[in-house]
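J.: Just dropping this structure here.
All of the numbers you see were taken from the coordinates with simple rules; none came from a lab. Since we're looking at a predicted model, the values are computed, not measured. Cβ placement follows ideal geometry from the backbone for every residue including glycine, while neighbour counts extend to all protein chains displayed.
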Amino acid sequence: MLTFDFLDARHGDCFLVHWGPSGERVMLVDGGPGGVYGATLRGRLRQLGDPPHVDVVCLSHVDDDHAGGLVRLFRDMRQAQQDGEALPYAVDALWFNSVEDLVDRRAPGLSASVRPLMERAAADAAVGASYRQGRDIRNAAGPLHLDGNVPFGGPLTEGAEAELADLDVTVVAPDEQAVRELEERWREAKAREDPGVITAGYTDGSVPNLSSIVLLLRHEGRTALLTGDARGDRVLAGLRELGLLDGAEPFHVDLLKLPHHGSGRNVDTDFFEQVRADHYVISADGVRHHHPDEETLRMLVGSRDPDEEYVVHLTNHIPFAEEELARLGEGRAFGVDVRDPAGQALLITIGDRP
Ligand SMILES: [Zn+2]
């Protein structure tokens with residue numbers, strides 16, 4: 001059985017995946033923006049035990065709406081360690097890609113030579129927050145013995161695989177082309193000695209989106225595709241390269257977390273035609289950004305036959321999205337599930353196959 005707790009991550013992502021005979025194995029994916037840690041995540045983790053045991057923390061990419069809460073979680077762990085106290089969480093592994101590690105995988109040493117420009121680019125608010133959060137998490141990981149992306153042993157890129165107590169994890173993205181696009185940007189910044197090249201990549205979202213980790217989880221015949229803020233075309237490319245998508249049949253998963261909070265900029269009709277799910281999850285609040293875009297909902301529903309049964313889950317009450325789904329739902333069989341505002345999490349259970 002796979003179960004998911006999608007927490008109220010506001011405009012970001014923060015969720016737990018449970019598996020194992022009684023759901024005792026736990027993966028934490030992202031931490032939402034900083035405030036989500038104190039408001040929701042810390043309390044939810046404390047319900048897991050004393051200390052709570054987490055098999056792996058995965059940060060999909062270093063951007064405030066995913067990393068902020070994890071920065072605080074690791075800060076708490078480091079503080080306890082420095083004070084000689086018991087650690088508040090027993091975390092076995094941390095998976096995350098820094099953009100620098102990805103760039104260096106293709107071009108060793110390139111990120112170090114661009115670092116002075118990076119420091120100048122970090123004066124920009126959008127770059128600076130992300131740069132510092134990546135640095136904070138990396139600095140905490142060493143003393144907490146969580147560096148090295150165990151068992152991957154390096155950046156998580158397309159084709160990497162791991163097995164975690166009967167949970168098979170396959171990395172779908174970033175794929176080689178995404179890493180190449182990052183490398184080219186770093187090379188261009190270096191050649192032009194222009195930090196603006198990097199700043200632009202953060203401001204338009206291309207750097208965080210290209211570096212976003214996409215995971216395919218498989219457990220006892222059940223599957224989930226967790227897409228971070230990746231671009232839909234890169235997710236499809238990764239699935240094709242893995243031989244999971246042949247262009248003839250769509251790829252079916254039990255659960256799909258939509259990329260980038262349902263932004264219409266990350267997906268197109270082709271994405272939904274190629275990837276089908278029984279449970280579509282949109283982690284967004286519609287407040288900070290107009291997520292999910294109504295166009296995304298139209299593409300999703302338009303990709304399915306009217307009599308097909310599936311559920312669209314929203315982690316928050318979003319009036320404009322719910323109105324669009326109600327309109328689209330006329331004459332169609334799909335269901336809509338919105339997190340109860342009084343509840344801590346949107347719970348989705350995917351039972352064993354009979
Ligand atoms: Zn995001």
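J.: When ASP305, ASP340 are ordered from fewest to most other Cβ atoms inside 10 Å of their Cβ, what list results? Kindly include the intermediate steps, with their values, before the conclusion.
T.: Numbers: ASP305 7, ASP340 11.
Ordered by Cβ neighbours within 10 Å, fewest first: ASP305, ASP340.
J.: Could you bin all the Cα-Cα distances of segment 1-40 into 10 Å bins starting at 0 and give me the percent of pairs in each, rounded to whole numbers?
T.: Percent of pairs per bin, in order: 32, 45, 21, 1.
J.: Which whole-Hz ³J(HN,Hα) couplings does segment 58-72 yield from phi under the Karplus relation 6.51 cos²θ - 1.76 cosθ + 1.60, θ = phi - 60°, glycine and proline marked x?
T.: So the Karplus estimates, Gly and Pro as x, are 10, 9, 5, 6, 8, 8, 3, 6, 10, 9, x, x, 6, 4, 5 Hz.
J.: So, in Å, what gap is there between the alpha-carbon centers of segment 214-279 and segment 312-354?
T.: Centre-to-centre (Cα) distance: 19 Å.
J.: On to the next question. Percent antiparallel among DSSP beta bridges with both residues in the chain, to the nearest 5?
T.: 55
J.: Diagonalise the Cα gyration tensor of the chain and give the resulting equivalent ellipsoid semi-axes, square root of 5 times each eigenvalue, largest first, whole Å.
T.: In descending order the semi-axes read 30, 25, 20 Å.
J.: Based on Cα positions only, what radius of gyration and what Dmax would you give for segment 1-138, in angstroms?
T.: 16.2, 50
J.: So for SER283, SER111, SER22, SER206, fewest C-beta neighbours within 10 Å to most, what's the order?
T.: Least to most surrounded, the residues fall as SER22, SER206, SER111, SER283.
J.: By count of other Cβ within 10 Å, fewest leading, how are GLU330, GLU324, GLU24 ordered?
T.: So the residues, fewest neighbours to most, are GLU330, GLU24, GLU324.
J.: So for each of 6-15, 229-238 I average, over its residues, the number of other beta carbons within 10 Å; can you give me the resulting order with the highest mean first?
T.: Ranking, from highest mean packing down: 6-15, 229-238.
J.: So how many Å³ per residue does the convex hull of the Cα atoms of segment 125-261 work out to?
T.: 129
J.: Report, in cubic angstrom per residue, the convex hull volume of the C-alpha atoms of segment 50-112.
T.: Here the figure is 110 Å³ per residue.
J.: Right, here's the next one. Tell me which residues come under 5 Å, amide H to amide H, from VAL275 once H is placed; ignore anything under 5 positions away on its chain.
T.: Answer set, sorted by chain and number: PHE251.
J.: Relative contact order, percent, of the chain when contacts are C-alpha pairs under 8 Å separated by at least 6 residues?
T.: After rounding, I find 17 percent.
J.: Could you give each residue of segment 305-312 its phi-based ³J(HN,Hα) in whole Hz, using Karplus coefficients 6.51, -1.76, 1.60 with θ = phi - 60°, and x for Gly or Pro?
T.: Per residue, the Karplus-derived 3J(HN,Hα) values read 5, x, 8, 6, 9, 7, 10, 9 Hz.
J.: So what J values fall out for segment 148-165 if you push phi through Karplus, 6.51 cos²θ - 1.76 cosθ + 1.60 with θ = phi - 60°, rounded to Hz, Gly and Pro as x?
T.: Once rounded to whole Hz, the list reads x, 6, 5, x, 5, x, x, x, 7, 10, 3, x, 5, 9, 8, 10, 10, 6.
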